[in-house]
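Some notes on the structure that comes next.
The values are calculated or read from the model by the stated rules, or taken from the named source; none is laboratory data. Note that this is a predicted model, so its numbers are computed, not measured. So basically every Cβ, Gly included, is an ideal-geometry build from the backbone, and we count neighbours across all protein chains shown.
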Amino acid sequence: MKTKKAFLLDMDGVLVRGRDPIPGAQLFIDRLLANQVPFMVITNNPTYTPRDLSYRLLGEGLRIPEKNLFTSALATAQFLARQCPNGKAFVIGESGLTSALYEIGYTLTSKDPEYVVLGETTNFNFEQISMAIRLIAGGAKFIATNPDNTVPSENGLAPACGSTAALIEKATGIRPYFIGKPNPFMMRRALNTLGTHSDQTVMVGDRMDTDVIAGMEAGMETVLVLSGVTRKDDIYKYPYRPTHILNSVAEIEWGE
């Protein structure tokens, strides 16, 4: 990376692992801020609002301004606002998702919703899943914030939205429309929010199946870091390659 560019950064596995910061992540963020390099942390994790996420990361040792955070919950809300303004949705998810939908004027209800919206949560129960299945079988459209089957945590891999979506899909026979990476919609919205073009932006992620392919298909230079899900031996299973392979964000350099 010979010239100063903008960066889209995945969060889980790139800047943090669970609640533990990746060594060198804050130094990298500080370099971006000090050099006024445009960047956006673009995460498939829809659990938190940008403000709550910024506060949570600060408590874990990472200082990232709220304006530099973009989540799949925000992308999902922007998608629904365009498709069906002021609609109704049955939502399984946390405050990051429900707040984003409230802010676009959505009513959250189980009574005749246009959409069933599934996000990340550790608190869903059998009745919620059953309700989602009944509503989808009855004609509600199925939206999921992100396709990730697992997410890295401080204790190892944990199930994510894609795993729960697979359960509902198996029961209904209906596949959800995933908004998060690698969907080009989320990448375009993040680039628009950042105000940069793809050929001047680098995508940094820890997953070949979401981050790298999303960046590549959007025309961006890509960096795969080995601090999260994808292992070096996994790379050769895919028909595409990242532009760069590094151990962590601490090794990223660019021209000043």
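For the reader, a short list of remarks on this structure follows.
Per-residue answers, yes or no, for (1) under 26 Å from Ser198 (Cα atoms); (2) exposed (fewer than 13 other Cβ atoms within 10 Å of the Cβ); (3) at pLDDT 95 or above:
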| site | (1), (2), (3) |
| --- | --- |
| Ile29 | yes, no, yes |
| Gly61 | no, yes, no |
| Ser72 | yes, no, yes |
| Asn86 | no, yes, yes |
| Leu101 | no, no, yes |
| Tyr106 | no, no, yes |
| Asp112 | no, yes, yes |
| Asn123 | no, yes, no |
| Phe126 | no, yes, no |
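- Scope region 93-142; condition hydroxyl-bearing (Ser, Thr, Tyr), over 24 Å from Phe70 (Cβ atoms) and assigned to a loop (DSSP other than H, G, I, E, B); matching residues: Thr109, Ser110
- Residue check, Leu101 under 30 Å from Leu9 (Cα atoms), under 14 Å from the mean Cα position of the chain (by Cα) and aliphatic (A, V, I, L, M): no
- Qualifying residue in region 65-88 (condition: within 21 Å of Gly228 (Cβ to Cβ) and part of a loop (DSSP other than H, G, I, E, B)): no
- Lone unmet requirement of (1) at negative phi; (2) touching a Pro at 6+ places or on another chain (Cβ under 8 Å); (3) not charged (D, E, K, R) for Phe185: (2)
- Test set (1) among the aliphatic types (A, V, I, L, M); (2) buried (at least 16 other Cβ atoms within 10 Å of the Cβ); (3) in the same structural domain as Phe124 (by TED's automatic domain parsing); (4) touching a residue at least 40 places away in the same chain (Cβ under 8 Å) - Ala144 fails condition number: (4)
- Some residue of region 48-57 being out of contact with any strand residue (DSSP E or B) (no Cβ under 8 Å at 6 or more places or on another chain), surrounded by fewer than 16 Cβ atoms within 10 Å (Cβ to Cβ) and either modelled with pLDDT of 95 or more or at positive phi (or both): yes
- When region 204-253 is filtered for residues that are among the polar types (S, T, N, Q) and surrounded by 21 or more Cβ atoms within 10 Å (Cβ to Cβ), the ones remaining, listed by number, are Thr210, Thr222, Ser227, Thr230.
- Qualifying residue in region 192-201 (condition: part of a loop (DSSP other than H, G, I, E, B) and without any contact (Cβ under 8 Å) to a residue 40 or more places away in the chain): yes
- So Gly87, is it small (Gly, Ala, Ser) and on the phi > 0 side of the Ramachandran plot: no
- Residues of region 185-194 include at least one that is among the basic types (Lys, Arg), out of contact with any Cys (no Cβ under 7 Å at 6 or more places or on another chain) and within 30 Å of Asp20 (Cβ to Cβ).
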